[in-house]
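Undergrad: Mind having a look at this structure? Questions to follow.
The values are calculated or read from the model by the stated rules, or taken from the named source; none is laboratory data. As the structure is a computational prediction, the values presented were derived from the model and not from experiment. A quick note on method: Cβ atoms are made from the backbone with ideal geometry, for glycine too, and the neighbour counts reach across all protein chains shown.
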Amino acid sequence: MTPTTPLALASCLLLTTAQSACAETGAPWTLNLYFENDLFSETDQDYTNGVRASWVSPNVNDYLNDERLPSWVRGITPYLPLFDPSDKNSTQLQRNVVISVGQQIYTPQDIDRTTIDPNDRPYAAWLYTGLAYHSRTKNRMNTAEINLGIVGPLAFGQEAQDFIHDIRGFEKFKGWDNQLKNEPGLQLVYEHKNRIIRGQFSPFFEYDTIIHGGGSLGNVATYLNAGAEVRFGWNLPQDFGTSALRSGGDNSAPGLGDGRYQRGSRNHNLGVHAFISMDGRWVVQDIFLDGNTFRDSHSIDKEHLVGETAFGIAALYHGWKISFAQVHRSREFKTQDEGHAFGSLSVSYSYSI
């Protein structure tokens, strides 16, 4: 039995318990699918592909003491209020569990080079599974997340990229023999989000501003980050925005007042909005640039301050939320010629069982 098995079993049992109880209320589950690729920017380098699927439970607030759960899980319950956001404007507390699986792929610029380029980033891939806990009120949300996975050939980055290039008839990268070596990855993440502004110019045109701040600790990535998102349009969802694929960024589960939350209102839920988001990081550790932690490998001098901006549009239709953003990231390492751009597509579906 792997170290993550008890945690995964407890999570699945918690979700199953919530599932049986929520079937009567119509409270939704939410499936989020993410796809990011620099093909949208007509490049094939740096952060070149990312995929993730995440499954967000309904509100599990009432089921944490269920006797079917292991005693150690019920023993954690008294400590959960430590993660609850303080919000004097809302007494509604919602708790969600999120299970995710994903992969990220990174390549240098020169597709034909078979040897290490000392002036470019390493070949690398990251395959992981994650467990997150969301505690939220109407305008604030705290996220605690743990990601466990593997960096290196066992992350199957070359196989995934070659498969896509075969389908599309693209030339394959020739330097994957130089990728980072196999290394288990651990990432602990905390992030706080706060909707500080919400208003409307008319019944059909709303706006809000959501700020966030947090950090990550682990051999995969150690950083502090902060940013904001501004949304404006018709029928803004009661969630916490649309972020590019980053740890702690799962925001699309509907709040208790969202049109997607109750089965009866879901079929009448329509809306569209645009958004602009920004995120800045102070980076201490990035395994995809610093190389393997315990073994010699290709590495490159990184930039410690990295910024990211995104411009996009999102649409709501019944239980669906679909968004697309063009993301621009500043230089991540010293010898990088310029920043990098990629497209970020996400599809969320809220449904009742």
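Undergrad: Residues in the stretch 322-350 that are over 18 Å from Arg246 (Cβ atoms) and either touching a strand residue (DSSP E or B) at 6+ places or on another chain (Cβ under 6 Å) or buried (at least 19 other Cβ atoms within 10 Å of the Cβ) (or both): how many?
TA: Residues meeting the conditions: 5.
Undergrad: Taking the stretch 307-353 as the region of interest, how many residues are part of a loop (DSSP other than H, G, I, E, B), of a type in the set (Ser, Thr, Tyr) and within 30 Å of Ser57 (Cβ to Cβ)?
TA: 1
Undergrad: Report yes if Phe311 is out of contact with any helix residue (DSSP H, G or I) (no Cβ under 7 Å at 6 or more places or on another chain) and either within 22 Å of Asp208 (Cα to Cα) or surrounded by fewer than 17 Cβ atoms within 10 Å (Cβ to Cβ) (or both), otherwise no.
TA: The answer is yes for Phe311.
Undergrad: With the structure loaded, tell me whether His304 is within 28 Å of Lys193 (Cα to Cα), at pLDDT 95 or above and surrounded by fewer than 17 Cβ atoms within 10 Å (Cβ to Cβ) or whether it fails that test.
TA: Yes; evaluated as a whole, the condition is true for this residue.
Undergrad: So, one more: Any residue that is buried (at least 18 other Cβ atoms within 10 Å of the Cβ) and assigned to a strand (DSSP E or B) - is there at least one of those in the stretch 150-170?
TA: Checked the stretch 150-170: at least one residue is buried (at least 18 other Cβ atoms within 10 Å of the Cβ) and assigned to a strand (DSSP E or B).
Undergrad: Residues in the stretch 107-124: is at least one among the aromatic types (Phe, Trp, Tyr), at pLDDT 90 or above, crowded, with 16+ Cβ neighbours inside 10 Å and not in a loop (DSSP other than H, G, I, E, B)?
TA: So far as the stretch 107-124 goes, no, none of its residues is among the aromatic types (Phe, Trp, Tyr), at pLDDT 90 or above, crowded, with 16+ Cβ neighbours inside 10 Å and not in a loop (DSSP other than H, G, I, E, B).
Undergrad: Could you tell me whether Ile105 is in contact with a helix residue (DSSP H, G or I) (Cβ under 6 Å, 6 or more places away or on another chain) and aliphatic (A, V, I, L, M)?
TA: Considered against the rule, which asks whether it is in contact with a helix residue (DSSP H, G or I) (Cβ under 6 Å, 6 or more places away or on another chain) and aliphatic (A, V, I, L, M), Ile105 comes out as yes.
Undergrad: Tell me, which residue of the stretch 179-224 that is surrounded by fewer than 16 Cβ atoms within 10 Å (Cβ to Cβ) and of a type in the set (S, T, N, Q) is farthest from Gly130 (Cα to Cα)?
TA: For the stretch 179-224, the residue satisfying everything is Ser202.
Undergrad: On to the next question. Could you tell me which residue of the stretch 303-338 is nearest to the chain's Cα centre (by Cα), considering only residues that are under 17 Å from Gly50 (Cβ atoms) and free of Cβ contacts under 8 Å to residues at least 60 places away in the same chain?
TA: Per the stated criteria, the residue is Phe324.
Undergrad: Still on this structure, I have one more. Could you please tell me which pairs satisfy a Cβ distance under 6 Å, a separation of 6+ or placement on different chains, a first residue in the stretch 214-241 that is closer than 18 Å to Pro85 by Cβ, and a second residue that is part of a loop (DSSP other than H, G, I, E, B) and among the hydroxyl-bearing types (Ser, Thr, Tyr)?
TA: Asp239/Ser252
Undergrad: Based on what the data block shows, is Ser135 among the small types (Gly, Ala, Ser), closer than 17 Å to Arg52 by Cβ and crowded, with 20+ Cβ neighbours inside 10 Å?
TA: Spelling it out, it is not the case that Ser135 is among the small types (Gly, Ala, Ser), closer than 17 Å to Arg52 by Cβ and crowded, with 20+ Cβ neighbours inside 10 Å.
Undergrad: Does the stretch 93-106 hold any residues that are over 16 Å from Gly50 (Cα atoms) and assigned to a strand (DSSP E or B), and which are they?
TA: Residues satisfying the conditions are Gln94, Arg95, Asn96, Val97, Val98, Ile99.
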